[in-house]
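Here's the structure, in structure tokens; my notes come after.
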Amino acid sequence: ARDGEAGEGGDAAEEQRLGGSLAVLVGEMLRRAVEPLRAAAEERLGEAVKATGWPAAPAASEEAPSLREQRLGEVGRAIGAVLLLQFCEWASSGGGEGEGGGGLWALEAFVQPLLKRFRYHFEGRRETNRRDKPEWVFAHCVAQMRSHAPLLSGEVQPMLRAPLAPLRAAASQPSSQGAVRERYLRFLSAHCPDGVEGHVTAALCGAMRAKLRREMPSRLAEPPSFCHAFSEAIACERELRHSLR
């Protein structure tokens, strides 16, 4: 009897080890499958965002409202696809306990063009990249946030809830729809705690901060230059804090 019990215990342990190995294998296969799907979804989103004219300043008066609505509708659908993919990848890898693990993939379609424009003006040999005019850097970023804030907070922010409908429809039981909703909202909170406008602002602030750090040694050797940049940085921070209230 004892030999039989020992045999059954050994079989159970072996099954558990096999199950763990299969789970790791399936998880790895899912992660590999996500990469091409993410690339395709992000390419579609990038094209949709580009079609709106981003990151040019909005000019609604020059565009038919129906065309603008159509383009924003495509952006919303593309954002929903990227978010749904990221949420599924996050949930399948053990997410849901408040872990962030980076920002939302979908917002890179808005962030990267702004950073590209920043680098064009302030990281090369352009006339706009002048050490004696640090205020140009700060004024540029503040102007970008002012002009895009209505779109980011009024149009893009609500799009983050687009996956809720398909997630609720896919819930196995009506009673589980609430749990699915709460889990998705936790995912959003973990990956985008400050909202779309706050996320984009943080990216621009990161670009300004990196530029100041690179220039710091040479500015410290020139006290007037350092004081000038410092006072302009304080003014920019005050303006951004006021805008994000």
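Just so you know, all these numbers are worked out from the coordinates, no wet-lab data involved. It should be emphasised that the depicted structure is a prediction, and the values quoted were computed from it without experimental measurement. All Cβ positions, glycine included, derive from the backbone under ideal geometry; neighbour counts span all protein chains shown.
Could you work out the Rg to Rh ratio of the stretch 76-162, with Rh taken as the Kirkwood radius (inverse of the mean 1/r over all Cα pairs)?
1.11
In debye, nearest 20: dipole of the stretch 103-197 around its Cα centre with unit charges on the Cβ of K, R (+) and D, E (-)?
The calculated dipole for the stretch 103-197 is roughly 180 debye.
I'd like the Karplus ³J(HN,Hα) series for the stretch 102-110: coefficients 6.51, -1.76, 1.60, θ = phi - 60°, whole numbers in Hz, and an x wherever there's a Gly or Pro.
x, x, 7, 4, 4, 7, 5, 5, 9
Could you order peptides 214-222, 201-209 by the average number of other Cβ atoms within 10 Å of their residues, highest first?
Highest-to-lowest ranking by the protection proxy: 201-209, 214-222.
By a straight-distance test (C-alpha under 20 Å), which lysines pair with residue 50 as possible cross-link partners, with residues fewer than eight away in the same chain excluded?
116
Could you give each residue of the stretch 217-233 its phi-based ³J(HN,Hα) in whole Hz, using Karplus coefficients 6.51, -1.76, 1.60 with θ = phi - 60°, and x for Gly or Pro?
x, 6, 6, 5, 6, 10, x, x, 5, 5, 4, 4, 5, 5, 5, 5, 5
Using all alpha carbons of the stretch 168-212, what is the percent of pairwise distances in each 10 Å bin, ordered from the shortest bin to the longest?
All Cα pairs, binned at 10 Å, distribute as 26, 28, 23, 15, 8, 1 percent.
May I have the convex hull volume per residue, in Å³, for the Cα set of the stretch 119-245?
Considering the Cα atoms of the stretch 119-245, their hull volume per residue is 123 Å³.
Can you pull out the trypsin sites (Lys or Arg not before Pro) in the stretch 106-147 whose DSSP state is coil and whose Cβ has at most 16 other Cβ atoms within 10 Å?
125, 126, 130, 131
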